[in-house]
Every structure is written in structure tokens, then in C-alpha cells.
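Trainee: One structure is given below, represented as C-alpha cells, and several questions about it will come after.
The values are calculated or read from the model by the stated rules, or taken from the named source; none is laboratory data. Keep in mind the model is a prediction, meaning the values are calculated, not measured. Heads up: the accessible areas ignore ligands, DNA and RNA and are worked out on the full protein's heavy atoms, side chains in. Shrake-Rupley method; radii C 1.70, N 1.55, O 1.52, S 1.80 Å.
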Amino acid sequence: MVKLYRTDDRKIHEKETIDDGVWIHMVDPTAEESQQVAETLGVDVDDIRAALDEEESSRIELEDGYTLILIDVPSSEIRHEKKMYTTIPLGIILTQGVIVTVCTEELPVLQAFIDNKVKEFSTKKKLRFVYQILHRTSIIYQGNLRTIDKKRTEIEERVGNDTREDDLIALHDLESTLVYFATSLRANAVVLDRLTRYKRLEQYPEDKELLDDVIVENQQAIEMAIIYRDIINGTRELMSSVMDNRLNNSMKYLTSITLIMAVPTIVSGIMGMNIINLPFADSPFGFAIIIGLICVICIAMLAILRRNKIL
């Protein structure tokens, strides 16, 4: 899908033709659409389709007549029948006349611009547009990180009461997501560092302040990802300890029951022998006496186990 937008009088409008100041928004474009845009703008088609490869890393490439910027942006996916987060590449191509964005799916970070919800947004101020995309990307990262931490808190509240194996799997998924986030944010930080030295396109005075804000927000997101990952690691270790302790208690309980139940088995086995004269063999109350002794021994063993906090 390829759509063209341009802002006029601070409002965004959809266009039909590629003119100066146009934003070309490409979402999972076909090979034919990519080739057509590449020929129109005079760019390499491989640069347009670079963002469609999930393995592409964040970087900046300066080419003749245009600049390619690749960053990682947060996205959602279904994992183990639950909504989780991941990162996907977003390609931004800057030419002298237009700006192109390429991604594999519709992204909230770009939808806000289409819905005209971003202040001082202009498709004609291309470098500021890039900074605004990066700024909103960092904000969305932080929002997703807070959501991840809330999910961790919900799991942590069940520790000791209703801890399940599913919670361990969920924590592992959250920890994996934080690893992806931290890696992508660090790669984006390298791109931001290079943008501080970017001189090819015109920068407005307020653009420098916006770039500084983006760097601060991105660094804050990195720190949040690292802190939340450490907390999740501690929570996972706590849950594993609780589950191991619960298993040990169950084994201890079953062992104690087995020990107590062994008493009547041993006594009945001995008293059932016919090769010797056994006590109470001639007494009419012999069976009741033996049962009573068994009960006394079992109660005594139960008391000893409870006093030693074994049962």
C-alpha cells in the first residue's frame, strides 16, 4: 500500500501525485510499488525495501541525492495466545523534495501524524518530521515498558498463592521482550548520535532542541528497559524458589504419611505369622489391644513429626 500526504495550512491532506513537500507512506509495499517509487525518486529499490527485512539493523546511510535512516519501532504480536510486544524496522528516506516511510504494518507512531494529532507537524520540514517520529517512538517504547511492568506486578502478586507454570512462561516472554527493546533502543541511540552531526538537510533552530529531547527520552527508555529486566529476573527467581519450596513441602508431607502408614503394615505383618506364640493370641480382646497399640504408636509418631515441624 502506498499513500501520499502533504500538510497545508497545518492540516494534512491525501495527495494523488508526488510533488515537493509530500510524505510517501508505504506499508508492506509490493515489488512493483517499490520499483515505481524508486524510479520516480531516483533511489535504490533495495533501500526502499530494506525495512521489510525484520533482520535489518538500525543505521544511517548517506547516498547520492538521498539519505536512508533505519530505526526499530515497537509493535505488538500474539505470543502464546497473549498480546506481547516486539520491534520491527521502520525505514525513512529523505530526498531534497519528499520524505518516504516504509514499514511492514500500520504503526501507531505514524498513525498519529495521519490523524493530525501531532503539533507543529509539517511534511515540508523533513528533518523535523524525522525527529518527531523518533520522539514519538521513544514515548511509545516507554508506554509499552510501563505496560510490561504492570503485567509483571500482576504475576508477582500471585506468588505464593496461585503461582502457576504459565506465570513462569509469561515472565520469560516479558523478559525476552525487554531484551529486544533494550537492543533496539541502543541501536536507535547510535542513529541519534549520528543525527546530531547531520548537515545535509536544513535544520530549523527548534529542531536542535527537539533532537536533544529525543536523545533524553531514548536514554530514559533504555534505562527503564534495563531496570525492568533486572526486576523481572528477580521475580522469576523468586517464583522458581517458591515452586521448589512448595514441591519440597509436598514431598515431605507424603513421606511423613508413608512413614505413619508403615506402622500398621509392619505390625499386621508380624502378628500374622503362625510360627511362634504371639502376645495376646489367647486373649479374646487381642485384636482390639493390637489395634489400640497401633493407634497409640501412630499418634505418637504424628506428634513427634508435628513438634519437629516436619508435618
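Trainee: D for segment 54-95, whole µm²/s, Stokes-Einstein with Kirkwood Rh over alpha-carbon pairs at 10 °C and 1.306 mPa s: what number?
Mentor: D, rounded to a whole number, is 135 µm²/s.
Trainee: Follow-up. Please state the relative contact order of segment 159-255 as a whole percent: Cα pairs under 8 Å, 6+ residues apart?
Mentor: 51
Trainee: P(r) for segment 1-101, please, calculated from all Cα pair distances in 10 Å bins and given in %.
Mentor: Taking every Cα pair in segment 1-101, the percentages come to 14, 43, 30, 11, 2.
Trainee: Considering only the chain, what is the antiparallel percent among its DSSP beta bridges, to the nearest 5?
Mentor: Of the beta bridges lying entirely in the chain, close to 85 percent run antiparallel.
Trainee: Rounding to the nearest 10 and keeping the result within 0 to 90°, find how far the Cα-based axis of helix 31-41 lies from the longest principal axis of the chain.
Mentor: 40
Trainee: Then there's this: State in Å² the accessible area per residue of segment 114-218; use a 1.4 Å probe, count heavy atoms of protein chains only, and round to the nearest integer. Intermediate results must be reported in sequence, preceding the final value.
Mentor: Values: 5300 Å² over 105 residues.
Value for segment 114-218: 51 Å² per residue.
Trainee: Now a separate question. How big is the chain by Rg and Dmax over its Cα atoms, in Å?
Mentor: 34.2, 115
Trainee: Given the pairs LYS83/LYS124; LYS82/LYS117; LYS82/LYS126; LYS125/LYS150; LYS150/LYS309, which span a C-alpha to C-alpha distance of over 31 angstrom in this model?
Mentor: LYS83/LYS124; LYS82/LYS126; LYS125/LYS150; LYS150/LYS309
Trainee: Right, next: So what's segment 139-264 giving for Cα Rg divided by 2.2 N^0.38 Å, two decimals?
Mentor: 1.71
Trainee: Roll a 1.4 angstrom probe over the protein heavy atoms and tell me the percent of accessible area of the chain that is carbon or sulfur. Kindly include the intermediate steps, with their values, before the conclusion.
Mentor: Details: 9310 of 17400 Å².
Looking at the chain in its full context, I get 54 percent from C and S.
Trainee: Using Cα centres only, tell me the gap between segment 94-163 and segment 1-72 in whole Å.
Mentor: Cα centroid to Cα centroid, the span is 19 Å.
Trainee: Calculate, for segment 1-113, the solvent-accessible area per residue in square angstrom, rolling a 1.4 angstrom probe over the heavy atoms of the protein chains.
Mentor: Heavy-atom SASA per residue in segment 1-113 reads 48 Å².
Trainee: Provide, as a two-decimal number, the C-alpha radius of gyration of segment 1-54 over 2.2 N^0.38 Å, N being how many residues it has.
Mentor: Values: Rg = 12.0 Å, N = 54, 2.2 N^0.38 = 10.0 Å.
Scaled against compact globular proteins, the figure is 1.20.
Trainee: Next up: Can you give me the pair-distance distribution of segment 217-311, C-alpha pairs, 10 Å bins, whole percents?
Mentor: 13, 24, 17, 14, 10, 9, 6, 4, 2, 0
Trainee: Relative to the present Cα-Cα distance, how much length would full extension add between LEU238 and PHE287 at 0.36 nm per residue of separation?
Mentor: 12.4 nm
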